[in-house]
Amino acid sequence: MSEVIVRMPPSPTGGLHLGTARTALFNYLFAKHNNGKIIFRWEDTDKERSKKEFETEILDGLAWLGMDFEKESSHFFRQSENREVHTEWLMKLWEMEKVFPCFVTPDEIDAQRKEATAKKTNFVFWSPFRDETKEVLEEKMKSGDKFVWRLRTMKDQDIQFTDLIRGDISVNTNTLGDFVVARGDGSVLYMLANVVDDWTQGVTHVLRGEDHISNTPKQILLYQALGATLPQFGHIPLVLDAQKRKLSKRNVDPDTCVLIKDFQEKGFLPEAVVNGLVLLGWNPKSTEEVFTFDQLVNAFDLGNVNPGAAQYNFDKMKWFNTHWVRTMDLKILAKHFEKFAGVSCDEKVLDVAREKSRDMYDISSQLEYLTADPNINPELLLSEKMNIDQAMVQKVLPAIQAMLEGVNENEFNREKIREVATEKIAELEVKNGQFLSPFRIALSNRPVSVGPFEIAEVLGKDETLRRIERALK
């Protein structure tokens, strides 16, 4: 493959949506897999809705996911800074008579549309000004009448292209009509601005959401009008919610993450979110589900992107997060936790805390008894379900105390404690739960926590015995 240049053009008019992040990820992986370049371009021509805070959120969110576009992009553009270039090419199209000023008002077009609806026919607008000479149109422009610039679309022409994901697509221009490309003041609209930017900036592959597929035939006509080389197009399938609607923050449960900042705030790991995102539409053609970023770069192939819509499963995202929390390299997890919580954590303690954790909040919760005194609620020691009454507690806890006192300080680890506990359970002739539950609760003061052997190892012999003694009292 010749040099690959992709572009990532978000609009800073809202937060970083899961769908936008997935599009960025597919572009990023495709470029990296092919040793290509990435262009980052703010689509910021909507001045009223574009906000600096959204730019910050989008860039921070992408960097958090592992895509630092500020550092890794070959070029960093703003579409608004390219307005003169857009207008220059608009005027060249006018000189070549590829575009023309149309003076038909929106009300007149709306009336035509309603008439077509009444007749139950498809409405396609062909401007009566498309056949006027350039001299006549220039004179009319001087009159001060309002107009828009439209492409002079050739009639009954098949526009054919091979989508990298969806295969061969053909659209006849009779379904397109003369469409608007700029306002009368020369300010270019999205359709033409993107073509000019992508062409002049050397983009070879346009990978974007499926909702843009209807724009592609029109943009191909613009490329042809400009005499420009076409890029290759690939349209990534939509992400749907559980009701098979386009995924939107408004339509899901408030606890479901849709924006990347939602994942950050709920204590997700970026590795888990990337893992879940890439499998929304991409199939590795294997039974593997868990991938590091480097593995994704090596494995990513656009040919394995499913053209059908991908259904979002938040429970699966949580599953990925649980997996990564419990298995990732401790040093990396420690860095993530420090960034999330604002405090560092001993790796040995963190390794124990993550055993019962699904996210960063769970880790913080486990650390509450692993690094600080949790006190004791004696009622938690009792359990009707496990047949643990006061007499059972008074039988088990002193035995645990004596057992732990007999373990040498230099052997006070989970393996040794498990070994002597197994012997003690057999000696006392009690069930495992009747022994382990009071042991664990005496140390953690929680009905659900990490196992007592692991807690004891982290606490050390002196603190473990102190907590057992307090529970006995």
Most positive-pole-ward Cα, GLY451, LEU18, MET191, against dipole of the chain from beta carbon charges: MET191
Cβ charges +1 (Lys, Arg) and -1 (Asp, Glu), total dipole of segment 251-367, debye: 40 debye
Beta bridge orientation in the chain: antiparallel %, DSSP, nearest 5: 55 percent
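Give me the percent of DSSP beta bridges within segment 104-252 that run antiparallel, rounded to the nearest 5.
Numbers: 11 of 16 bridges.
Taking every DSSP beta bridge within segment 104-252, about 70 percent pair in antiparallel fashion.
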Spatial separation of Cα centroids for segment 452-473 and segment 320-390, in angstrom: 16 Å
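Could you state the per residue volume, in Å³, of the convex hull enclosing the Cα atoms of the chain?
Details: hull volume 92.3 nm³, N = 473.
Dividing the Cα hull volume of the chain by its residue count gives 195 Å³.
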Lys/Arg +1, Asp/Glu -1 at C-beta; the chain dipole; positive extreme among ASN122, ILE417, LEU296: ASN122
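Just how large is the dipole of the chain about the Cα centre, in debye to the nearest 20, putting +1 at every Lys and Arg Cβ and -1 at every Asp and Glu Cβ? Write down the numbers at each step before the final one.
Details: 62 positive and 74 negative charges, 175 e Å.
Charge dipole of the chain: 840 debye, to the nearest 20.
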Residue pairs, from the table LYS37/LYS331; LYS335/LYS356; LYS47/LYS146, whose Cα atoms sit over 24 Å apart: LYS37/LYS331
Positive-end residue of THR371, MET386, HIS336, charge dipole of segment 317-419 with Cβ unit charges: HIS336
For segment 83-193: rounded, prolate or oblate by the Cα gyration tensor [a/c cutoff 1.5]: oblate
Span from the segment 88-134 Cα centroid across to the segment 19-81 one, whole angstrom: 35 Å
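Can you classify segment 237-345 as rounded, prolate or oblate using the Cα gyration tensor, where a ≥ b ≥ c are the square roots of its eigenvalues, rounded means a/c under 1.5, and otherwise it's prolate if a/b beats b/c and oblate if not?
Because a/c hits 1.5 or more and a/b fails to exceed b/c, segment 237-345 counts as oblate.
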Segment 387-473 - charge dipole about Cα centre, Lys and Arg +1 at Cβ, Asp and Glu -1, debye rounded to 20: 380 debye
Segment VAL420-LYS120, extension gain: residue separation times 0.36 nm, minus the distance between their alpha carbons: 99.6 nm
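Once you order the gyration tensor axes a ≥ b ≥ c over the Cα atoms, which shape class does segment 373-472 get: rounded for a/c under 1.5, otherwise prolate or oblate by comparing a/b with b/c?
Details: a/c = 1.69, a/b = 1.23, b/c = 1.38.
Cα axes put segment 373-472 in the oblate bin.
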Ranking of ILE213, ILE159 by count of other Cβ atoms within 10 Å, fewest first: ILE213, ILE159
Exposed-loop-free span, longest in the chain, where GluC sites (Glu not before Pro) count as exposed if DSSP calls them loop and at most 15 other C-beta atoms lie within 10 Å: 98-287
Helical contribution to [θ] at 222 nm, DSSP H n ≥ 4, -39,500 (n - 2.57), averaged over the chain, rounded to 500: -14000 deg cm²/dmol
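Could you list VAL252, VAL136, VAL305 so that the one with the fewest beta carbons within 10 Å of its beta carbon is first and the one with the most is last?
Working: VAL252 17, VAL136 11, VAL305 24.
Arranged by neighbour count, lowest to highest, VAL252, VAL136, VAL305 become VAL136, VAL252, VAL305.
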Difference of contour (0.36 nm per residue) and Cα-Cα distance, ASP301 to GLU384: 24.2 nm
Sorted by Cβ neighbour density within 10 Å, fewest at the top, the residues ASP60, ASP198, ASP301: ASP301, ASP60, ASP198
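Read the figures in this text as sums done on the coordinates, not as results from a lab. Small disclaimer: the values here were computed from a predicted structure and weren't measured. Using ideal geometry, Cβ is built from the backbone for each residue, glycine included, and neighbour counts are taken over all protein chains shown.
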